[in-house]
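Please read the structure below before turning to the comments.
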Amino acid sequence: MSDVLTSPVETVARSDERAGERPLISISHIERDFVTDNGDVVQVLSDVNLDIARGELISIIGPSGCGKTTLLRLVSGLDQPQRGTVTFKGRPVDGPNPERGYVFQQGSLFPWLTVRENVAFGLKAQGVYRQRKDEVDEYLAKVGLTGFENAYPHQISGGMAQRVAIARALIDHPEVLLLDEPMGALDSFTRADLQDRLLDLWEQYHMTMILVTHDVDEAIYLGNRVVIMSPRPGRIKKIVPIDLAHRDRVSDDFTAYRKALLTDLHFTVHGGE
């Protein structure tokens, strides 16, 4: 572990595939530009390459503005690259799909709907609520919200709202859960609780998860691999496998990962300074 942890930041073009298994998600030579209000072209992502195997939990970290959320949106199909391709199960991603659930940073609940109605919204839109309505309360129980089914978003905390958003994404039985800093605005206690709930859900459903975060400890605690991105235009600078027998934040191994990742981020942002 020490050789991986203490090596300087290096460019990693593509992650290793699991032996004999096609990647569930393949990101190949992705580039994405945006045009500002005054007409300037800003390159957000440049030649991003990453393969993600079925069942992985990937953490993506990097400085603000490096394109982490943009990359997540490209995987979801909410946005399209100018150059390069994103494939899911070998097929190009050309739009959103319930197989790839998305949890936004602020939860994005409908304020006029109850907790139960927010989770059931997609089922009703698909015309399957009557057949699957019992699942709504089951998923609310899985995220610890039994007893709050009839509450409105303004009556629950930020952490609870994020759990509603996760239940709403899970009820579509996605193969991939995309998490865009869902714990960024939460207090430390609520954040730790939600991290543990996400790990429990990942272990229970064996789904693939991709987490965007600014928090190094969170990236280590949740990730099988941590992807470090460079400042804009975002590129993958390094991929660090996380090999922890127990997710113990005060263990020597966890501390070593934290120190190494903070060093890598410093090199990524400041170079050799």
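The values are calculated or read from the model by the stated rules, or taken from the named source; none is laboratory data. In this text the structure is predicted, and so the values were computed from the model without any measurement. Counting neighbours? That spans all protein chains shown, and the Cβs are built from the backbone with ideal geometry, glycine included.
The residue list Arg232, Arg247 contains one member that is touching a helix residue (DSSP H, G or I) at 6+ places or on another chain (Cβ under 6 Å), in a loop (DSSP other than H, G, I, E, B) and in the same structural domain as Ile60 (by the TED database), which is Arg247. Can you tell me which residue within region 97-109, out of those that are hydrophobic (A, V, I, L, M, F, W, C) and in contact with a helix residue (DSSP H, G or I) (Cβ under 6 Å, 6 or more places away or on another chain), is surrounded by the fewest Cβ atoms within 10 Å (Cβ to Cβ)? Result: Leu109.
For region 208-225, does any single residue satisfy the condition of being assigned to a loop (DSSP other than H, G, I, E, B) and surrounded by fewer than 16 Cβ atoms within 10 Å (Cβ to Cβ)? Among the residues of region 208-225, at least one is assigned to a loop (DSSP other than H, G, I, E, B) and surrounded by fewer than 16 Cβ atoms within 10 Å (Cβ to Cβ), which makes the answer yes.
The condition of being farther than 29 Å from Ile25 by Cα and either not in a helix (DSSP H, G or I) or not assigned by the TED database to the domain that holds Asp248 (or both) holds for only one of Gln162, Gln131, that being Gln131.
Checking the structure you have, find out if any residue of region 106-125 is on the phi > 0 side of the Ramachandran plot and among the hydroxyl-bearing types (Ser, Thr, Tyr). Yes, the conditions are met somewhere in region 106-125.
Counting only residues that are more than 15 Å from Val86 (Cα to Cα), in a loop (DSSP other than H, G, I, E, B) and either without any contact (Cβ under 8 Å) to a residue 24 or more places away in the chain or basic (Lys, Arg) (or both), how many does region 17-53 have? Don't jump to the end; show me each part of the working.
Looking only at region 17-53, we keep the residues that are more than 15 Å from Val86 (Cα to Cα), and these are 17-21, 33-44.
From what is left, the residues that are in a loop (DSSP other than H, G, I, E, B) are 17-21, 36-40.
Remaining after also requiring either without any contact (Cβ under 8 Å) to a residue 24 or more places away in the chain or basic (Lys, Arg) (or both): 18-20, 36-40.
Selection size over region 17-53: 8.
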